[in-house]
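Only one structure is covered here, and it is reproduced in the block below.
The values are calculated or read from the model by the stated rules, or taken from the named source; none is laboratory data. Every value quoted in this text rests on a predicted model; they were computed, and no experiment measured them. Cβ placement follows ideal geometry from the backbone for every residue including glycine, while neighbour counts extend to all protein chains displayed.
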Amino acid sequence: MIDFSKPSTQNTRFTANTSELLVSYTVAQENRHYEFDNVVFAYLTQGIKKIDIPSLVSLDLHPEMVLMGSTKISAEVSFPDATPTNPATCFCLEVSRESVWKTLDKINEAYGMPELIKEEKQLEDSDFYFGQSSQKVLHILYEIQKLLTEEVAFKEYWIDLKIEELILSCLQTNMRALLIDNYHQNQLLDHPLAFAIDYIKHHLHTRIDIKTLADKASMSKATFFRQFKHHLGITPINFIHQERIKKAQQMLNHTNKSVSEIGYCLGYTSPSYFTTQFEKIAGCSPSAYRNGG
């Protein structure tokens, strides 16, 4: 247990069957490296935490904000303002993927995902959600924190129930797109379509034709198109555009390449066509997106 009365940096972990809580109390400016491979929720109760996830995002995490990731995370972390009189108290809840997918399976079977995603806010396609969390999500994180750090009757059962509540609450915020996207990908891991999806993600810079994708999935073109639309809810061509625009958003945020260069890098031979597809998916032009519009 951390002794907050001591002016020294301290770290401790609290572990349950399906989750683990890392608590960090930092009183000096320092750098750290973290790696996680499950669904992660990071938040603070005081101080500022700078997080750099290479090639993806660089941000400042403040109290009342949540960073959620559902892919393998390798992050560089620093505490630029931490002092003995101005400490940073950070929490990182790691929940097993199996537990999250099991919860989503139950919700999907009972209600179907469309009933849970009526929120109108849009979330940039990314591996992370970062921003002001709903108070409900943050409140549940505090409750799980309390359960993990204290002796409670039926502890594991309570934690599992609260994790289910946490995932359901996330589905009703703009964190939902991230969870549902990763849930769909998990469902397809052992499906022949996974080979086609993997090919798409590794060949965004080249021309991709349906025949090649159908061959990767060992299907005829007609069967591939039908199966793809059934499992992912969109056509293969629209999926390719979505993946390219997702990558374009990352490049606009983290490189100095021009809009035309980014388009060419992602297989678009016409800058105007790239801009048209970007506007259709992102809701604004590439230049406006780069400028925060």
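A few comments on the model shown:
- Hits in region 206-219 - residues which are in a loop (DSSP other than H, G, I, E, B), in contact with a helix residue (DSSP H, G or I) (Cβ under 9 Å, 6 or more places away or on another chain) and loosely packed, with under 13 Cβ neighbours inside 10 Å: S218
- Residues that are closer than 21 Å to P80 by Cβ and surrounded by 15 or more Cβ atoms within 10 Å (Cβ to Cβ), drawn from region 3-31: T9, Q10, L22, V23, S24, Y25, T26, V27
- Selection within region 243-263 - surrounded by 19 or more Cβ atoms within 10 Å (Cβ to Cβ) and of a type in the set (S, T, N, Q): Q249
- Criterion (closer than 28 Å to S99 by Cα and in a loop (DSSP other than H, G, I, E, B)) met by exactly one of N11, N17: N17
- Residue list for region 240-271, filter: among the aliphatic types (A, V, I, L, M) and under 19 Å from D198 (Cβ atoms): I240, I245, L266
- Selection of region 41-96 for residues being in a loop (DSSP other than H, G, I, E, B), touching a helix residue (DSSP H, G or I) at 6+ places or on another chain (Cβ under 9 Å), under 22 Å from E20 (Cβ atoms) and not small (G, A, S) yields only T71.
- Checked against the criterion of being closer than 29 Å to E156 by Cα, outside the structural domain of K247 (by TED's automatic domain parsing), surrounded by 15 or more Cβ atoms within 10 Å (Cβ to Cβ) and without any contact (Cβ under 8 Å) to a residue 24 or more places away in the chain, region 77-97 has no qualifying residue.
- Scan region 18-56 for residues that are aliphatic (A, V, I, L, M), out of contact with any strand residue (DSSP E or B) (no Cβ under 6 Å at 6 or more places or on another chain) and either within 27 Å of L104 (Cα to Cα) or not assigned by TED's automatic domain parsing to the domain that holds T89 (or both) and the total you get is 1.
- Members of region 213-261 found to be more than 17 Å from T275 (Cα to Cα) and under 21 Å from the mean Cα position of the chain (by Cα), listed by number: H231, L232, G233, I234, H254, T255
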